[in-house]
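Every number in this text was worked out from the coordinates using simple rules, so none of it is lab data. Computed from a predicted model, the values in this text were never measured in an experiment. With ideal geometry, Cβ positions are generated from the backbone for all residues, glycine too; neighbour counts draw on all protein chains shown.
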Amino acid sequence: MSNRTMNILIPVISVILGLIAGALIMLVSGYNPAKGYIALWNGAFGQNFYVGETLRLATPYIFSGLAIAFAFRTGLFNIGAEGQLIVGWIAAVWVGMAFDLPKIIHLPLAILAAAAAGALWGFIPGILKARLRVHEVIVTIMMNYIALHISNYLIRNILSKQQDTTPHIHKSASLSSPFFQKITDFSTLHSGIYLAILAALIMWFIIEKTTLGFELKSVGFNQSASEYAGMNVSRSIVFSMAISGAFAGLGGAMEGLGNYGFAYLQSSFTGIGFDGIAVALLGGNKALGVLIAAVLFGALKVGALNMPVDAGVPNELVNIVIALIIFFVASGYLIRWFLTRFKKEAK
């Protein structure tokens, strides 16, 4: 069994085990697992509207998952996707409400502002890691809190007049799509899904097809050997964190320009950046895997809302299922051991 096959099987088996464990929990709790999962499926894919909502929720998950996966592929642990997403959200809304330009200029400008803000928020821990060897996990975690409180200050004191929300962005900066609204029965799905797919292609191309990607992966595998080979390790670390932050910042633009059309005071984190860690792990830190994992997470989150209505199952149970899936992915070495042993016994 090749490593590629093994890397595909482990996430699939993890999802199946998570669903089985969730069914057992439902059964022990007195609920019907079959009804629960049928309600989950119908709530995620049963109608065009639900399909649109699933894809809409998956869109920022794709960006946060790509941000985490890109850093992981280059040997770095970017736990700051949440903060990078928040600053990207604020930057996109700021540009979206501050200017009134033709859509062909305004929308790309707002999206680029989000990417730049996220890249800046990733650049800071990157430069600290490269120059001072400060561990990126600690810095990125702290940067999340800085992003949260700075964004709240900007919303309250700069972008609005002591209000909890900013004014709406101009239509010329909106990602809303009449086409998607029509085919999904007026769901909140927007054109950001195109950008999410494009971002996955860009990540794949950078990592697999460019000299920069080869250098970033080499530094991730072994910094000493890469430096001996003449690679600029410090530059690679900064580039990696900045690109990762740009992906996360674009995820914020999806919320600010697509889902909401404004920014609001956050009493706590959105959770999208942290869920991106699970999306990246489940997707095997690969672009295609992240796309599939993000849709799965979107389906679980949206479908869970239908479970109390159709099956009387608390939707909090889906969070348990997600946690179990992550647990089994994290325990992938056990699954790999069982698969290897099964292969040997089959011979």
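Each peptide in 154-161, 197-204 was scored by the mean count of other Cβ atoms within 10 Å over its residues; highest first, the order is 197-204, 154-161. Label-to-label distance, Asp310 versus Lys209, with points set 7 angstrom from Cα along the beta-carbon direction: 3.9 nm.
Computed over the chain with a Gaussian network model linking Cα atoms closer than 10 Å, the most mobile of Val309, Val318, Val233 is Val309. Counting only lysines at least 8 places from Lys35 when in the same chain, those with an alpha carbon closer than 26 Å to its own are Lys301.
Give me the net charge of Asp185's neighbourhood, meaning all other residues with Cβ under 15 Å from the Cβ of Asp185; Lys, Arg count +1, Asp, Glu -1. So the environment of Asp185 carries a net charge of +1.
Each Lys and Arg adds +1 at its Cβ and each Asp and Glu adds -1 at its Cβ; summed about the Cα centre, the chain shows a dipole of about 780 debye.
Computed over the chain with a Gaussian network model linking Cα atoms closer than 10 Å, the most mobile of Leu24, Leu112, Leu76 is Leu24. Largest mean-square fluctuation among Ala21, Ala278, Ala246, in a Gaussian network model of the chain whose springs join Cα atoms under 10 Å apart, belongs to Ala21. Counted as membrane-span-like here are DSSP H helices of the chain whose alpha-carbon atoms extend 27 Å or more along the helix's own axis and whose Kyte-Doolittle mean is 0.5 or above; these are 3-28, 48-73, 103-132, 233-253. Annotation: aspartates and glutamates with alpha-carbon distance below 19 angstrom to Lys103 (same-chain offsets under eight excluded): Glu255.
Between Glu227 and Trp41, the contour length at 0.36 nm per residue exceeds the Cα-Cα span by 61.9 nm.
The stretch between Asn48 and Arg156, if pulled fully straight at 0.36 nm per residue, gains 35.1 nm over its current Cα-Cα span.
Provide, for q = 0.08, 0.12 Å⁻¹, the log10 of I(q)/I(0) from a solvent-free Debye sum over equal Cα point scatterers in the chain. Listed by q, the Debye log ratios stand at -0.41, -0.90.
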